[in-house]
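A.B. asks: Once you've had a glance at the structure underneath, I'll fire off some questions.
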Amino acid sequence: MKSVWRAIGTPVLASLIAIIIGGIIAAAIGYNPLQVYGSLISGAFGGAIPLGNTLAGSVPLILAGLGIAVAFRAGLFNIGAEGQYWIATVAAVWIGYHFKGMPGFLHLIFMLVVAMVVGGLWGGIIPGLLKAYRGAHEVITTMMLSYIGILFAQYCIEPGGPMLEKGYQPQSPAVAQNAWLGSIIPNSQLTWGFAIAIVAAVVVWWILFHTTFGFQLRAVGSNQFAARYAGMNVPLYTVLALGFSGVLAGLAGAVQMLSQDHRLTQSFSSGYGYTAIVVALLARNNPFGVILAGIFFSALSTGSQNMQLVSGIPQSLTDVLTGLIIFFVAAERLIPMALTWYRRRKSGRLQVSLPEGGRTDG
Amino acid sequence: MTHFLEVIDLKKHFPGVKANDGVNLTVKSGEVHAILGENGAGKSTLMNMIYGLYQPTSGQILLEGKQVEFSSPRDAIRSGIGMVHQHFMLIPALSVAENIVLGDEPGGIQYNRKEAVRRVQQISDQYKLQVDPTRRVADLSVGLQQRVEILKVLYRRAKLLILDEPTALLTPQETRELFEIVGHLKAEGIPIVFISHKLDEVREIADVVTVMRAGKTVETLPIGDATPQDLANLMVGRDVVLRVQKNPIQLGNKLLELRGIHVRDASRHERIRDLSLTVSEGEILGLAGIDGNGQSELVEAVAGLLPTTAGSIHLAGQDITRVRPFDRTELGIAYVPQDRQRDGLVLDFDLVENIILRDFHKSPYSKSGAINYRAARAYAERLIREFDVRPADADRKAGELSGGNQQKVILAREVSRDPRLLIAVQPTRGLDVGAIEGIHRQLLRLRDNGKGILLVSLELDEILSLSDRIAVIHDGRIVDIVDGDSATREQLGLLMTGVKSTAETRGERV
Amino acid sequence: MSVLANPQLWFATLAMATPLALPAIGGTFSERSGVVNIAMEGIMLIGAFFAVAFSYWTNSAWLGLLFGMLMGGVISAIFAWAAIRLAADQVVLGMAVNIFAAGLTAFLLDTVFGFNGTPANTPSLPTVHLPWLKSMPFLSGVFNDQSVLVYIMIVIVIVSHWFLFYTRLGLRIRSVGENPLAADTAGLSVSRLRYTGVIIGGLLSALGGAYLSIGILHSFDVNMTNGRGYIALAAMIFGKWTPFGAFGASLLFGFATALGIALQSFNVSSNLLGMLPYVLTILALAGLVGRSTPPAADGIPYEQHR
Amino acid sequence: GTPNNSTSTTNNAGTTGSSAHASFKVGLVTDTGGLNDHGFNHLADVGLTKAEKDFGITGKVVQSTQASDYVPNLQNFAQNGYQLVIAVGFLMDGAVKQVAKEYPKTKFLIIDDPITGMSNVTSAIFNTEQCGYLVGAMAGLMEKQTGLKGINNKNVLGVVGGQQIPPVTSYIAGFQQGVQKTDPGATILVKWANSFSDQALGSQIAQAEISQGADIIFPVAGGTGIGSIDAAQSAGVYAIGVDADQNYLAPATVITSATKGVDTATYDVIKQAMNNKFQSGIQYFNLKNGGVGIATPNSAVPKSVITQVNNLEQQIINGSITVSATMK
Ligand SMILES: Nc1ncnc2c1ncn2[C@@H]1O[C@H](COP(=O)(O)OP(=O)(O)OP(=O)(O)O)[C@@H](O)[C@H]1O
Ligand SMILES: Nc1ncnc2c1ncn2[C@@H]1O[C@H](COP(=O)(O)OP(=O)(O)OP(=O)(O)O)[C@@H](O)[C@H]1O
Ligand SMILES: [Mg+2]
Ligand SMILES: [Mg+2]
């Protein structure tokens, strides 16, 4: 019980602090904080459709977040999930409209698998090999490949691009409709993609903590010297961990395509790959934590849209609030520290403080 | 003599551990005060509080009669306290001189590198602890790093010196020189707190000894004519066997054969040149040598972590020169690496995971890729009991154990996997006498069961008391191989400097 | 090869390298002291916004620059406090700062100045024209009429190198980033030194942002940094955590961007040309630069058992 | 002017009572560019704000942060009883089609995207190739005039494009044809920024073009273009604004602007919807109905040039010149 409180209690309290500060800011500018937060919550959870949209929005964050968590577990920082997502999306969409007339279920699996392979290659194998054999830092390589991936996706549907569909819209053809992921809550964006995300989290958890693969991955991540001494192949696991990470980012792209967009359009600023970094870290790279953190961030996002509508708060202010919330959740120590300070101040009033010797800094 | 340092009922509680639980200590000017205690008794914790690195949970520290509250080592240094830490406090990326002068660098805004090198050269000459001030610490052997640690406190000219296991990595000669330094300082009236598990040393240098057990000081007594045996019994609380009995050797087949190998280190320097060596079943081959003469490269080559550039390595007749490290362990090679925290353990893993670190892929700990934690835990708990790892908690992270207990975990793991060949580098470094006794017993048991052991150690006593044969390495070559029973410290000491003795040798050549 | 002979290409290289080099060197200070700093993007935005806002309010670009840097320093001090005192996850904090800064600057821009931003007559920093370069047309084309901040950046590269590797404080900052425990036992104040590193980083990042808003432009725009803070992070790593390395990597990025612009005359897809900086970086990294090892304690909060 | 209606008019809208204006609610959903895009999102908001002031209606804006926000945001407005929902940008094509089907009683306006066959959706298409043509013609005429201050004799024009998408390429297509008409020998440099918010990059691209001899810069790139205008000002050459009259950015530099009346279109459609005159299908905004145009030229433009451009404008309006929206 105590450990559960420690795991969940502090982030919750920290968010509360952020929310209170945000409320004060909102009130100072002239908005009604109760209305602001009421609209945030009702926009995220108030009813089947908002709830469905929140859960739907969490799917790419959970999947990409899992990927980033896996990399972190292996001591690697995959900052390029965004590009892995897009390059895999390109591949999935191409498979989706190029092979017509396949049974929907098989077609779906086909797309998911290809997206995972492409994401794994892009995010994992290339940076992994460069890291393992050329010493190239993965933060640079994944970031650079990420930009390249996004530009490549743009290239595919630019005028004259290889995947451009005829017509006014600069977009690719749609993937075969019988392969689309079906909706769970009607009129909301929630599809069976959410189930895929949950299953992926369980699978990642199981792989990390219950297989020899995960064991070696974590050992390499915590202490590569000891891992080497224990006979583990450190370069191989560098490649595999980044690959696994890219696989999940690629899966995120494919699932999102099959749930929502169904085709490549000019919307290349999803930002999922970056938010997913925060999702993974706030979850302490724990797969189940990633689910919660993913839903949390999605709720902030869907709720903030409703907040604009109901209380008229501009989008920029909701970013300020989001930044504050992340800040305080990360700075969770603030609470125990404040408590200690408060206690000390209280007891300090009772006792005469002793003269201190040689104290210079704190 | 005045009371320079006084510690009154000091307590330090970590979550779940009472590392210090009522410590009382008085150190007078000009005395060498030894602290003895088993691994985990709380010695380092106590010193870290005196040095300002930890803040006491309760209790008082008095320096020259005045109560002090150090919030950081900065304060302690200002009050004239110097400390050599048990674990190195060095910055590998910086040079020797930079490490030594750090915090009190010569120069104004600009750092005067030349002056720093000059000053360091001067004290290193003065105290005969030779190190090249311009070298990067990362490139130094651990023995040299130990010297740098000592030079650091000498540079600061402390009024109270704390030495936490300073001799663990020194050669006998270096230990001599350190003791001379201690003698000088003592003569100047500087009090010295000295922690060591080597009872001979304690007897030689200390005036007073305080014994700690389970976080408490149990006794303070003048060293008088306490024998090592007395001291050992005092600190462990039972009778300890200091020199274990060895059974007659039962030599078997050749197990490990190195045939003319050449090895380069990570920075491409050739560190092993045309080295040949054989370890047979049922024997302990001691490898003696001054630190940095190729021992670690030799071990890494056998482990497969460094490639051999020429020559071949054979295990029980099979050529394993090109076999991957993973498969070498499979073939029955086990290691106790020198740097336990770096190479031996994953400090973030709990004891269960550390204990199966090598065998996680084998039944019963895993089946077709899935780990069976129940079997692993049962095994870990058995080993923790057998090897007396404290605290006996399989869920604890390895990083939370005291150094001695970390070493026990590694030994437990390696010995219990029933290897054909065990390569043990400094297996008892930093261990208390009780623990050493236990580990020596384990090594001998392994030998008596017909396994081969390559024992690499800087401790001549350990080499002499355990080895059947002793190979002496110097500058990447085996200088000579001598008989373990008849060899003497003096003979080995000479060989270690590269001078081949004229005495009869029994070593074989391949 | 006429493209390479055009001084404008090299002018643009230098001009585009500056807003990368400044935050990259800033990040170098922060990470050398052991604090991973991916907040450069956000701090640049803060610097950019407040520099132009204060230029407008005080009617002096130099005062604007000062205040812009000051605000960057304030934000990085808060970041540092959470990272050092509260031992919070530095990557998460950095992302929080980035999101916060993007929102804050957009909000202030809209509410204070309206959607069209600061007025066109807001003062901005001068450019430097060296008449004696006239005789060398190529050099004149590269160096003349660059923003004064380009020259300041070059001075900063040199001073930073000297500061990190030749001063006592620099030695101390580096030692804290390598092994804070060792530095602590040597009597250094780990937290003070880390604050120093992070705040210098913040000042330089804000300077990089100000270069955009009042150096080469005259206004602030939402998200006008466009990910340069992240590229700067890559440049810092690429440059192996040294000022000259960071500068060199920034020049490479600047060059590749400028070249990409120049080559657009040749009818190649702009999206494919846009890949040039990133492809070049990977090739350079894989081929020439080799392993870059961060400061050993980079990103690890120093937690004393006090 | 009133837009010419190309398809049927629906008058059965029902709920809107022309007297209870405050209860007429209009929702505006921006695309991810947000209100600071120096382009259609901003202009749509300007139109909405004006309608609020003039008619006393209730207007609300929601800025989307990611593509997946489009559907929920449109739904949210429809769900909350907004009579008219405005979707800014062709990226919302799919979202509008989906939500308009779910809420047949709600009216939708989509900017820059042709949706037909839905009785509750109207599409505003701007023939920006026409105004692009006029500023191109003006630029060409300026190039040909020797001795104009700031104009060199290299006969080069620079275009800075945000991205190769229809709302951008139609301007540039018109610009090319206009230059072709008045100055067939001119070189037009077209460079792409692949960004609508990178001012610094816009400035660098413009400088690159200026170094190749360009002396009139036409950026069609949102915020990126602001940087291009800035560069033109620093280099002492001319620029042409886009979307709105951007003369305020650099009065001496910006000789004119190709304007796109997203604000008036929004305003007009709100008015139509309020008065039960909502027309589904595509509404074209062009020179003829004043939906696009060019801003009053500054003093750098000679009278003769203005006269000739006005001439061309008349020819486009009366149909004797047709301008294609496709780039060469
Ligand atoms: N930072 C810490 N956190 C938690 N427990 C600690 C910490 N440091 C030490 N301990 C625990 O405190 C006890 C005393 O440790 P300490 O290092 O003082 O022992 P020691 O006497 O120096 O042992 P050794 O001879 O092995 O060096 C041990 O049980 C150890 O596990
Ligand atoms: N954490 C820090 N942040 C900023 N400046 C520092 C820091 N630590 C030291 N300095 C600067 O470094 C120089 C030397 O520092 P300081 O005087 O604190 O060290 P010291 O070892 O006490 O010096 P001295 O050896 O001269 O007595 C001074 O210029 C001081 O301002
Ligand atoms: Mg100890
Ligand atoms: Mg000093």
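The values are calculated or read from the model by the stated rules, or taken from the named source; none is laboratory data. In this text, all values refer to a predicted model and were calculated from it rather than measured experimentally. Note that each Cβ is placed from the backbone with ideal geometry, even for glycine, and that neighbours are counted across all protein chains shown.
A.B. asks: When only residues in segment A:93-107 that are part of a helix (DSSP H, G or I) and surrounded by fewer than 24 Cβ atoms within 10 Å (Cβ to Cβ) count, which is modelled with the lowest pLDDT? Full working, then the answer.
C.D. replies: First, the residues of segment A:93-107 that are part of a helix (DSSP H, G or I): A:93-98, A:104-107.
Those still in the list that are surrounded by fewer than 24 Cβ atoms within 10 Å (Cβ to Cβ) too: A:94-95, A:97-98, A:104-107.
On the way: A:W94: 94, A:I95: 92, A:Y97: 91, A:H98: 89, A:G104: 80, A:F105: 86, A:L106: 88, A:H107: 89.
Filtering segment A:93-107 for residues that are part of a helix (DSSP H, G or I) and surrounded by fewer than 24 Cβ atoms within 10 Å (Cβ to Cβ), the one modelled with the lowest pLDDT comes out as A:G104.
A.B. asks: Considering only residues that are within 16 Å of ligand 4 (Cβ to nearest atom) and either surrounded by 20 or more Cβ atoms within 10 Å (Cβ to Cβ) or of a type in the set (V, I, T) (or both), which ones fall in segment B:100-119?
C.D. replies: Quick first cut of segment B:100-119, residues within 16 Å of ligand 4 (Cβ to nearest atom) only: B:100-112, B:115-116, B:119.
B:I100, B:V101, B:L102, B:G103, B:E105, B:I109, B:Y111, B:A116, listed by residue number.
A.B. asks: Give segment B:387-409 a look and list any residue that's in contact with a Gly (Cβ under 9 Å, 6 or more places away or on another chain), over 23 Å from B:A303 (Cβ atoms) and charged (D, E, K, R), or say none.
C.D. replies: Within segment B:387-409, B:D388, B:R390, B:D393, B:R396, B:E400 meet the criteria.
A.B. asks: Considering only segment C:186-295, give the helices (runs of 4 or more DSSP H) lying wholly within it that have at least 1 residues that are away from chain A (no Cβ under 14 Å) and out of contact with any strand residue (DSSP E or B) (no Cβ under 9 Å at 6 or more places or on another chain).
C.D. replies: Of the helices (runs of 4 or more DSSP H) lying wholly inside segment C:186-295, those with at least 1 residues that are away from chain A (no Cβ under 14 Å) and out of contact with any strand residue (DSSP E or B) (no Cβ under 9 Å at 6 or more places or on another chain) span C:190-210, C:243-263.
A.B. asks: Identify, by number, the condition in (1) within 14 Å of chain C (Cβ to nearest Cβ); (2) in contact with a Gly (Cβ under 8 Å, 6 or more places away or on another chain) that B:V101 doesn't meet.
C.D. replies: Answer for B:V101: the failing condition is (2).
A.B. asks: If I filter segment B:290-307 for residues that are away from chain A (no Cβ under 14 Å), more than 30 Å from B:V131 (Cα to Cα), surrounded by fewer than 19 Cβ atoms within 10 Å (Cβ to Cβ) and not polar (S, T, N, Q), do I get at least one hit? Give the derivation first.
C.D. replies: Pass one, segment B:290-307, residues away from chain A (no Cβ under 14 Å): B:290-295, B:297-298.
Cutting the leftovers down to more than 30 Å from B:V131 (Cα to Cα) gives us none.
No, there is no match, as no residue in segment B:290-307 is away from chain A (no Cβ under 14 Å), more than 30 Å from B:V131 (Cα to Cα), surrounded by fewer than 19 Cβ atoms within 10 Å (Cβ to Cβ) and not polar (S, T, N, Q).
A.B. asks: Something else: Got a sec? Which of B:A412, B:A376, B:A370 is more than 30 Å from B:E297 (Cβ to Cβ), more than 16 Å from ligand 3 (Cβ to nearest atom) and surrounded by 19 or more Cβ atoms within 10 Å (Cβ to Cβ)? So that I can check it myself, show each step before the final result.
C.D. replies: Values: B:A412 fails: more than 30 Å from B:E297 (Cβ to Cβ); B:A370 fails: surrounded by 19 or more Cβ atoms within 10 Å (Cβ to Cβ).
When all the criteria are applied, what remains is B:A376.
A.B. asks: Across segment B:92-114, what is the number of residues that are more than 16 Å from ligand 2 (Cβ to nearest atom) and of a type in the set (G, A, S)? Working first, answer last.
C.D. replies: Step one: list which residues in segment B:92-114 are more than 16 Å from ligand 2 (Cβ to nearest atom), which gives B:92-96, B:114.
Filter again for of a type in the set (G, A, S), leaving B:93, B:95.
Total meeting the criteria: 2.
A.B. asks: Could you please find all residues in segment D:164-195 being within 18 Å of the chain's Cα centre (by Cα) and β-branched (V, I, T)?
C.D. replies: D:I165, D:V168, D:T169, D:I172
A.B. asks: Given D:N41, D:N73, D:N80, which one is crowded, with 23+ Cβ neighbours inside 10 Å and under 22 Å from A:L51 (Cβ atoms)? First the steps, then the outcome.
C.D. replies: On the way: D:N41 fails: under 22 Å from A:L51 (Cβ atoms); D:N80 fails: crowded, with 23+ Cβ neighbours inside 10 Å.
Matching residue, one of D:N41, D:N73, D:N80: D:N73.
A.B. asks: Please specify each residue of segment B:133-146 satisfying the condition of being closer than 21 Å to B:A168 by Cα and not hydrophobic (A, V, I, L, M, F, W, C).
C.D. replies: Taking segment B:133-146 first, the residues closer than 21 Å to B:A168 by Cα are B:137-146.
Of everything in segment B:133-146, those that are closer than 21 Å to B:A168 by Cα and not hydrophobic (A, V, I, L, M, F, W, C) turn out to be B:D139, B:S141, B:G143, B:Q145, B:Q146.
A.B. asks: What number of residues within segment B:291-328 are charged (D, E, K, R) and either in the same structural domain as B:G143 (by TED's automatic domain parsing) or assigned to a helix (DSSP H, G or I) (or both)? Walk me through how you get there before you give the answer.
C.D. replies: From segment B:291-328, those charged (D, E, K, R) are B:291, B:297, B:300, B:319, B:322, B:324, B:327-328; that's our starting set.
Those left that are additionally either in the same structural domain as B:G143 (by TED's automatic domain parsing) or assigned to a helix (DSSP H, G or I) (or both): B:297, B:300, B:327-328.
Within segment B:291-328, residues that are charged (D, E, K, R) and either in the same structural domain as B:G143 (by TED's automatic domain parsing) or assigned to a helix (DSSP H, G or I) (or both) number 4.
A.B. asks: Here's another thing I want to ask about it. Just for segment A:265-280: of the residues that are crowded, with 24+ Cβ neighbours inside 10 Å and away from chain D (no Cβ under 11 Å), which one is farthest from A:A179 (Cα to Cα)?
C.D. replies: Across segment A:265-280, the extreme among qualifying residues is A:V278.
A.B. asks: Let me spell it out: the conditions are (1) touching a Gly at 6+ places or on another chain (Cβ under 6 Å); (2) farther than 18 Å from C:W81 by Cα; (3) within 13 Å of ligand 2 (Cβ to nearest atom); (4) of a type outside the set (K, R), and C:I199 meets all of them except one. Which number is the exception?
C.D. replies: Condition not satisfied by C:I199: (2).
A.B. asks: Looking at segment C:5-26, which of its residues are of a type in the set (A, V, I, L, M), within 12 Å of chain D (Cβ to nearest Cβ) and closer than 26 Å to C:K240 by Cβ?
C.D. replies: C:A12, C:L14, C:A15, C:M16, C:A17, C:L20
A.B. asks: A further question on this structure: Could you tell me whether B:Q245 is part of a helix (DSSP H, G or I) and either within 16 Å of ligand 4 (Cβ to nearest atom) or among the polar types (S, T, N, Q) (or both)?
C.D. replies: Working: part of a helix (DSSP H, G or I): no; either within 16 Å of ligand 4 (Cβ to nearest atom) or among the polar types (S, T, N, Q) (or both): yes.
Spelling it out, it is not the case that B:Q245 is part of a helix (DSSP H, G or I) and either within 16 Å of ligand 4 (Cβ to nearest atom) or among the polar types (S, T, N, Q) (or both).
A.B. asks: Something else now. Can you tell me which residue within segment B:59-87, out of those that are surrounded by 19 or more Cβ atoms within 10 Å (Cβ to Cβ) and more than 16 Å from ligand 4 (Cβ to nearest atom), is farthest from the other protein chains (Cβ to nearest Cβ)?
C.D. replies: B:Q86
A.B. asks: What is the number of the single condition among (1) within 14 Å of chain B (Cβ to nearest Cβ); (2) free of Cβ contacts under 8 Å to residues at least 12 places away in the same chain; (3) not polar (S, T, N, Q) that A:P159 does not meet?
C.D. replies: (1)
A.B. asks: Hand me the list of helices (runs of 4 or more DSSP H) wholly inside segment B:359-449 holding 2 or more residues that are away from chain A (no Cβ under 14 Å) and of a type in the set (K, R). If you could, list the steps in order and put the result at the bottom.
C.D. replies: Details: elements: B:373-386, B:403-416, B:433-448.
Counting at least 2 such residues, we get B:373-386, B:433-448.
For (1) within 10 Å of chain A (Cβ to nearest Cβ); (2) buried (at least 21 other Cβ atoms within 10 Å of the Cβ), each residue gets a yes or a no:
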position	(1), (2)
C:V36	yes, yes
C:I46	no, yes
C:V74	no, no
C:R85	yes, no
C:L93	yes, yes
C:D110	yes, no
C:F113	no, no
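A.B. asks: So which pairs qualify, if the first residue must be in segment A:181-198 and within 12 Å of chain D (Cβ to nearest Cβ), the second must be surrounded by 17 or more Cβ atoms within 10 Å (Cβ to Cβ) and assigned to a strand (DSSP E or B), the Cβ gap must be under 7 Å, and the two must be at least 6 apart or on different chains?
C.D. replies: A:S183/A:T191
A.B. asks: Considering (1) in a loop (DSSP other than H, G, I, E, B); (2) hydroxyl-bearing (S, T, Y); (3) touching a residue at least 24 places away in the same chain (Cβ under 8 Å); (4) surrounded by fewer than 20 Cβ atoms within 10 Å (Cβ to Cβ), say which one A:Y168 fails and leave the rest.
C.D. replies: Of the numbered conditions (1) in a loop (DSSP other than H, G, I, E, B); (2) hydroxyl-bearing (S, T, Y); (3) touching a residue at least 24 places away in the same chain (Cβ under 8 Å); (4) surrounded by fewer than 20 Cβ atoms within 10 Å (Cβ to Cβ), the odd one out for A:Y168 is (3).
A.B. asks: With away from ligand 1 (no atom under 16 Å from the Cβ) and of a type in the set (D, E) as the only criterion, which of B:E188, B:E165 stands out?
C.D. replies: Being away from ligand 1 (no atom under 16 Å from the Cβ) and of a type in the set (D, E) holds for just one of B:E188, B:E165, which is B:E188.
A.B. asks: Among the residues of segment D:196-229, which ones are outside any helix (DSSP H, G or I) and more than 17 Å from D:G241 (Cα to Cα)?
C.D. replies: The first filter runs over segment D:196-229 and keeps only residues outside any helix (DSSP H, G or I), leaving D:196-198, D:212-221.
Within segment D:196-229, D:Q212, D:G213 qualify.
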